[in-house]
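Heads up: the structure comes next, in structure tokens.
The values are calculated or read from the model by the stated rules, or taken from the named source; none is laboratory data. Keep in mind that this is a model prediction, so the values were computed, not measured. In this analysis, Cβ positions are derived from the backbone assuming ideal geometry, glycine residues included, and neighbour counts consider all displayed protein chains. Please note that ligands, DNA and RNA were not included when accessible areas were found on the heavy atoms of the full protein model with its side chains. Shrake-Rupley method; radii C 1.70, N 1.55, O 1.52, S 1.80 Å.
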Amino acid sequence: MEKGAQLYEGKAKKVYATEYPELLIVSYKDDATAFNGVKRGTIAGKGVINNRMSNALMRLLEKQGIPTHYVQELSERDTLVKKVEIVPLEVIVRNISAGSFAKHYGVEEGIVFPEATIEFSYKNDALGDPLLNAYHVRALGLASADEIALIKQYAFQINEVLKSFWSSCGVTLVDFKLEFGRLPDGSIVLADEISPDTCRLWDSETGKKLDKDRFRRDMGGVEDAYREIMTRLEQKLGASE
Ligand code: 5GP
């Protein structure tokens, strides 16, 4: 499959047309940004890891009945995906307090919630991705009530699959961000990526952060952390796939 015209360049990925109007190629970059683009840098090898990890996790989710945009891994950085109309929401699921939750509500990081939480923010860089609730989503015409219900159902199902997978790798899934899209027939599928850029992943024994917070918080060891989490995933899937 050949790359056609570049359609879009985001912070971490480029998107290309293909000879098929219903398919796109996503190409993962090593560029990293944080705090709405204020902090910029490069994480060597990140694009390869995020591509392969996201694809492996989407294949796992598909096996569990969650529809995704994933079609085929083309190379270490490139993946064929179904073209979707992105629902402009960041869907965030949390199992443990961290990040903006800890900041907003004045609590320490690491509180294990009795049940997972979900929140939406409006995917809009100019506005700084403001939080919104289901009424706001409908008022702005971003998604219908049925779509919101399905997105919530998928998000919690995805949490159960990913929590249990990462737990089997000795990793605690703290929280993560999902994006969904609409196929031409209107059905909702998981889109974007699932990677250390979009999830908080802590070593279950030591609590060591194995995700993008090392970059966001200038903790050092960023590349090593990405390689370590990828090795854990590969060791697990090598044994079972
Ligand atoms: P928080 O709201 O605590 O900053 O982030 C919650 C979770 O969602 C974290 O796992 C974080 O990686 C992910 N997340 C939230 N917003 C974004 C975003 O704009 N980009 C990326 N890559 N991840 C995000």
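Computed 3J(HN,Hα) for the range 38-48, one whole-Hz value per residue from the Karplus formula 6.51 cos²θ - 1.76 cosθ + 1.60 where θ = phi - 60°, is 5, 9, 10, x, 10, 10, 4, x, 4, x, 5, glycine and proline marked x.
Per-atom-type breakdown for the chain gives carbon and sulfur 51% of the accessible area (1.4 Å probe, protein chains only). Looking at the range 113-213, the GluC sites (Glu not before Pro) that sit in a DSSP loop and have at most 16 other Cβ atoms within 10 Å of their own Cβ are Glu205. Show log10 I(q)/I(0) for the chain at q = 0.09 Å⁻¹, two decimals, from a solvent-free Debye sum over equal Cα scatterers. Listed by q, the Debye log ratios stand at -0.36.
Could you give the alpha-carbon Rg of the range 1-130 over 2.2 N^0.38 Å, rounded to two decimals?
The reported ratio for this selection is 1.21.
Using a Gaussian network model of the chain whose springs link C-alpha atoms within less than 10 Å, name the residue from Val161, Val15, Val38 with the highest mean-square fluctuation. Of Val161, Val15, Val38, the most mobile in the Gaussian network model is Val38.
The share of C-alpha pairs in the range 56-147 whose separation exceeds 24 Å stands at 43 percent. Residue pairs exceeding 31 angstrom between C-alpha atoms, taken from Lys46/Lys103; Lys3/Lys152; Lys83/Lys209; Lys39/Lys236; Lys103/Lys236: Lys3/Lys152; Lys83/Lys209; Lys39/Lys236; Lys103/Lys236. Each principal axis of the Cα cloud of the range 92-187 was taken in turn, and the coordinate range along them, longest first, works out to 39, 30, 23 Å.
Working note: Cα atoms of the range 167-241, range along each principal axis, descending, whole Å: 45, 33, 19.
What the phi angles of the range 196-211 give under the Karplus curve with 6.51, -1.76 and 1.60, with θ = phi - 60°, is a coupling list of x, 6, 10, 10, 9, 10, 10, 4, 5, 7, 9, x, 4, 7, 10, 7 Hz, glycine and proline written as x. Pick from Glu62, Glu223, Glu19: which residue has the top mean-square fluctuation in a GNM of the chain where Cα pairs under 10 Å get a spring? It is Glu19. Computed with a 1.4 Å probe over protein heavy atoms only, the accessible surface of the chain comes to 48 Å² per residue.
Pairs with C-alpha atoms separated by more than 23 Å, drawn from the list Lys14/Lys63; Lys13/Lys123; Lys13/Lys63, are Lys14/Lys63; Lys13/Lys63.
Among Tyr28, Tyr70, Tyr105, which one shows the biggest mean-square fluctuation in a GNM of the chain, springs joining Cα atoms closer than 10 Å? So, out of Tyr28, Tyr70, Tyr105, the one fluctuating most is Tyr105.
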